[in-house]
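The values are calculated or read from the model by the stated rules, or taken from the named source; none is laboratory data. Everything quoted here is computed from the prediction, not taken from an experiment. In this analysis, Cβ positions are derived from the backbone assuming ideal geometry, glycine residues included, and neighbour counts consider all displayed protein chains.
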Amino acid sequence: MTSMRKNTPKFMLVALAGLALVCGMAIAASAQTARRVKHAPLGDTTPAGRMAILQEYLQYPPESVPIDATYWDLLHPWSVSTTTQTMIPAQTILQVQALEKSGLSQEAAVQQARALMPSSLPTYQFEMNKTILAGTQDQLQARLTITGAPGFQVNKAELIGSREFGSTDLGAVPFSCDDASSVCTFQWQAPSADKKYWGSLRLQVTVTVDGFKDPFVIHQSFYASPTVAAKFTGQFQDKIANGSLVIDAGVDVQTHMACSVSANLYSADSGTPLQHAERQMVIDPSMKTITFTFFGKIFRDYGDQGAFRVQDLQARCQNLPYPAEWFVDRDAHRAEWEAFQKNPPAFNEPTRIYFEYNSFTYTTQNYTLSAFSNADWQSPEKTAMWEAYTKATATVAGAAAGTQ
């Protein structure tokens, strides 16, 4: 968990086509039932069946897709779901590290140390309000729950940075615990835009669990981008262009770089998620707006009309030691890219940087269904993709016939 018609790298379009072949294409849901993006069955793997799925998929452009409430990753762009983990004693971790240093493989070291572990261990889970922080005003809130233990005490909470990009010890993390519920909450936000707070960080908590002699050290990772590439301003305009809904979002850009920008569209009346728009582009300080296009045929196929609400705006940008244009269209800059790879400069920064976090929403005017086009997506990329697939299918079919 990215208009793309002009700027999308060919490898991305091919990947999207491959995804369509596996997952199928969303089809229209009845207006009388809950909206559901339905996927084609995987049973028909014949060339004709796969071509039918691809043809269905290519009705819509890759940068505008129908969604429903089950698309968790797209609807929560600042979060990654966390899972329950087994708590490993700190002493066991030290044993594994020592065994590895003595020459054992990691697998052998783990197996040997596991024999000395208690037969039953407690588990833990961090519930995160978000796992991506963008800007110095964005705050992390992590809620720790431990199960399978009569009680526990948090001895220390600290932030561990990336050894690759700077200091690993980034200081203590404030926390509070509720003895009645046996839940502890941790809060942190970047105290400055210093680069040491940038990249993949780790909340590290030392815990003493009742009934266990040794303490446990548990972790939860998240990503921080205290320095931002730009920000959305909260200014919006909407209109119909070529039969699709176009929303211009105001931006304040500081840096020239390649970004993937995204937003979700909801029904303003019911709150139902309708479309996800994502495009790859080069941003520049000269820009005042970024345009999101929500494709007309999706409205027509799903019967979506009325007022709409755009929200969940996010931009993930590439912090790279070479021009942004090379990343967006590597084929057009292949010679420069190959020359660059022969003598790349030293580069010691994370490659991901975000727009400042925002919670902006914008509600459009009312639109009737007839305002939207019922035409399929058309573009040179679509034509090339279809021709490449039909050619490949014919080649495979010919080879199969030759072996009979």
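Kindly check whether there is at least one residue in segment 156-172 that is of a type outside the set (Gly, Ala, Ser), over 30 Å from residue 315 (Cα atoms) and assigned by TED's automatic domain parsing to the domain that holds residue 219.
Of the residues in segment 156-172, the ones of a type outside the set (Gly, Ala, Ser) are 156, 158-160, 163-165, 168-170.
Checking the rest, the ones that are also over 30 Å from residue 315 (Cα atoms) come to 156.
Those left that are additionally assigned by TED's automatic domain parsing to the domain that holds residue 219: 156.
The answer is yes; a qualifying residue exists.
Going residue by residue through segment 385-397, is there one that turns out to be surrounded by 17 or more Cβ atoms within 10 Å (Cβ to Cβ) and outside the structural domain of residue 276 (by TED's automatic domain parsing)? The answer is yes, given that some residue of segment 385-397 is surrounded by 17 or more Cβ atoms within 10 Å (Cβ to Cβ) and outside the structural domain of residue 276 (by TED's automatic domain parsing).
Condition check for residue 176 on (1) touching a Ser or Thr at 6+ places or on another chain (Cβ under 6 Å); (2) closer than 30 Å to residue 351 by Cβ: one failure, at (2).
Looking only at residues that are aliphatic (A, V, I, L, M) and part of a loop (DSSP other than H, G, I, E, B) in segment 57-91, which one is nearest to residue 222 (Cα to Cα)? Outline the logic, then answer.
At the first step, the residues of segment 57-91 found to be aliphatic (A, V, I, L, M) are 58, 65, 67, 69, 74-75, 80, 87-88, 90.
From the residues that got through so far, the ones that are part of a loop (DSSP other than H, G, I, E, B) too are 58, 67, 69, 80, 87-88.
Values: 58: 35, 67: 26, 69: 24, 80: 9, 87: 19, 88: 20 Å.
Here the answer is 80.
The residue list 147, 136 contains one member that is β-branched (Val, Ile, Thr), modelled with pLDDT of 95 or more and in the same structural domain as residue 220 (by TED's automatic domain parsing), which is 136. I'm checking my understanding of the structure. Among residues of segment 101-117 that are loosely packed, with under 15 Cβ neighbours inside 10 Å and either assigned by TED's automatic domain parsing to the domain that holds residue 260 or not in a loop (DSSP other than H, G, I, E, B) (or both), which one is modelled with the lowest pLDDT? Checked segment 101-117; the qualifying residue modelled with the lowest pLDDT is 114.
Would you confirm whether any residue within segment 163-181 is hydrophobic (A, V, I, L, M, F, W, C), assigned to a loop (DSSP other than H, G, I, E, B) and at pLDDT 95 or above? Break it down stepwise before answering.
We begin by selecting, within segment 163-181, every residue hydrophobic (A, V, I, L, M, F, W, C); these are 165, 170, 172-173, 175, 177, 180.
Filter once more, so that each one left must be assigned to a loop (DSSP other than H, G, I, E, B): 165, 173, 180.
Subsequent filtering for residues that are at pLDDT 95 or above retains 173.
Taking every residue of segment 163-181 in turn, at least one turns out to be hydrophobic (A, V, I, L, M, F, W, C), assigned to a loop (DSSP other than H, G, I, E, B) and at pLDDT 95 or above.
A single entry from 192, 286 fulfils the requirement of being outside any strand (DSSP E or B) and assigned by TED's automatic domain parsing to the domain that holds residue 145: 192.
Summed over segment 166-188, the residues that are within 23 Å of the chain's Cα centre (by Cα) and buried (at least 17 other Cβ atoms within 10 Å of the Cβ) give a count of 1.
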